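J.: To start, I am sharing the structure in question, which I have written as structure tokens.
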Amino acid sequence: MLTFILIAVTVVVSWLAFERPQLLNRLILWPPAIDRNHQYDRLVTHGFIHADWSHLLFNMITLYFFGRVIEGVIGQLIGPFGFLLFYLSAIVIAILPTYLRHRHDPGYRSLGASGAVSAVLFAFVLLKPWSLIIVFVLPMPAIVYAVGYVAYSFWMDRRGGDNINHSAHLSGAIYGVLFMLLMEPRVGTIFLERLMSPSFR
């Protein structure tokens, strides 16, 4: 249920921001507003707005497919609102390196749920590394996609120039793995066991 609520809220807020530039400017991560005006809520609100419909659709489809699984697992570990805590904290943690890097840059802005969605995706990979996921209509083992995703994000973060916050993708991915390991250390052992016993389903 929380996954559906998060998707609904994100779609509505993003749509309103598409129609109202003033709202987008208030919610977007703009480091000087945090540093000078103490608008710390932007560390969260930027995760509920998107650049366009395709950006929004990609993130919400990913959240829909993987969020439901992780919501159930985290719910069993720390309670019914655990997934909400995980998701909202992932939005913040994923953007922190970017914020600190651009803290005094008035020309920098960032938006989107990609960091939190990466956390959800990598939490799923930790639990089901050989599950087949669809990547641009092609089935691929989750662990293979994860390795490629990290390599690509790291390379593009160093290269820059495409207006995508690859740093948030990486930070979110790392946080998703660490969160699961902190909540249940046995997940690490289970991951290694499943990694050594491929089962494509």
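J.: Using a probe of 1.4 angstrom, how much of the accessible area of region 38-127 is carbon and sulfur, in percent?
T.: Percent of accessible area from carbon and sulfur atoms in region 38-127: 69.
J.: Val150 label point, 7 Å along Cα→Cβ, cut-off 16 Å on backbone N: hits in region 78-122?
T.: Only 118-122 pass the distance filter.
J.: Summing -39500 (n - 2.57) over the DSSP H runs of n ≥ 4 in the chain and dividing by its residue number, what mean residue ellipticity at 222 nm do you reach, to the nearest 500 deg cm²/dmol?
T.: -23000 deg cm²/dmol
J.: Moving on to the next point. Can you send over the carbon and sulfur percentage of the accessible area for region 137-201, probe radius 1.4 Å, protein chains only?
T.: 67 percent
J.: How much space per residue, in cubic angstrom, does the convex hull of the C-alpha atoms of region 1-90 take up?
T.: Taking only Cα atoms, region 1-90 has a hull volume of 87 Å³ per residue.
J.: OK, next. Could you tally the net charge around Thr3, taking each other residue with its Cβ under 14 Å from the Cβ of Thr3, Lys/Arg +1 and Asp/Glu -1?
T.: Value of the local net charge: 0.
J.: For the chain, divide the Cα radius of gyration by the Kirkwood radius and give the resulting Rg/Rh value with two decimals.
T.: We get a ratio of 0.97 for the chain.
J.: Helix by helix through the chain, keep the DSSP H runs that span 27 Å or more along the axis on Cα and average at least -0.5 on Kyte-Doolittle, and give those back in order.
T.: Membrane-span-like by this rule: 53-78, 82-101.
J.: With the chain treated as a Gaussian network of Cα nodes joined by springs under 10 Å, which of His50, His38, His166 yields the largest mean-square fluctuation?
T.: Sorting by GNM fluctuation, first place goes to His38.
J.: Taking every pair of alpha-carbon atoms in region 85-160, give the share separated by more than 21 Å as a whole percent.
T.: 38 percent
J.: What relative contact order, as a whole-number percentage, does region 75-148 give when Cα pairs under 8 Å and 6 or more residues apart are counted?
T.: Result for region 75-148 is 22 percent.
J.: I would also like to ask the following. Shape call for region 70-126 from the C-alpha gyration tensor, a ≥ b ≥ c root eigenvalues: rounded (a/c under 1.5), prolate (a/b greater than b/c) or oblate?
T.: In terms of gyration-tensor shape, prolate.
J.: Here's something else I'd like to know. Of the residues Ala173, Ala90, Ala17, which exhibits the maximal mean-square fluctuation in a Gaussian network model of the chain defined by a 10 Å Cα contact cut-off?
T.: The residue that fluctuates most here is Ala17.
J.: Distance between the C-alpha centers of region 89-157 and region 1-57? Whole Å please.
T.: Region 89-157 and region 1-57 have Cα centres spaced 18 Å from each other.
J.: Now for a different question. If you add up the charges near Arg36, with Lys and Arg at +1 and Asp and Glu at -1, over every other residue whose beta carbon is less than 13 angstrom from its beta carbon, what do you get?
T.: Charge balance near Arg36 sits at 0.
J.: How large is the accessible surface per residue of the chain, computed with a 1.4 Å probe and reported in Å² as a whole number?
T.: 54 Å²
J.: Is the shape of region 141-201 best called rounded, prolate or oblate, per the rule: a/c under 1.5 gives rounded, else a/b larger than b/c gives prolate, else oblate, with a ≥ b ≥ c the square roots of the Cα gyration tensor eigenvalues?
T.: It comes out oblate by the Cα gyration axes.
J.: Relative contact order of the chain, please, whole-number percent, based on alpha carbon pairs below 8 angstrom and at least 6 residues apart.
T.: Relative contact order comes out at 23 percent.
J.: Let me ask something additional. So if we plug the beta-carbon distance of Gln39 and Val9 into 1/(1 + (r/R0)^6) with R0 = 22 Å, what FRET efficiency do we get, rounded to 0.05?
T.: Plugging the Cβ-Cβ distance into 1/(1 + (r/R0)^6) gives 0.65.
The values are calculated or read from the model by the stated rules, or taken from the named source; none is laboratory data. Here the structure is a predicted model, which means the values were calculated and not measured. Don't worry about glycine lacking a Cβ; one is built from the backbone with ideal geometry, like all the others, and counts go over all protein chains shown. To get the accessible areas, we keep the full protein, side chains included, count just its heavy atoms, and leave off ligands, DNA and RNA. Shrake-Rupley method; radii C 1.70, N 1.55, O 1.52, S 1.80 Å.
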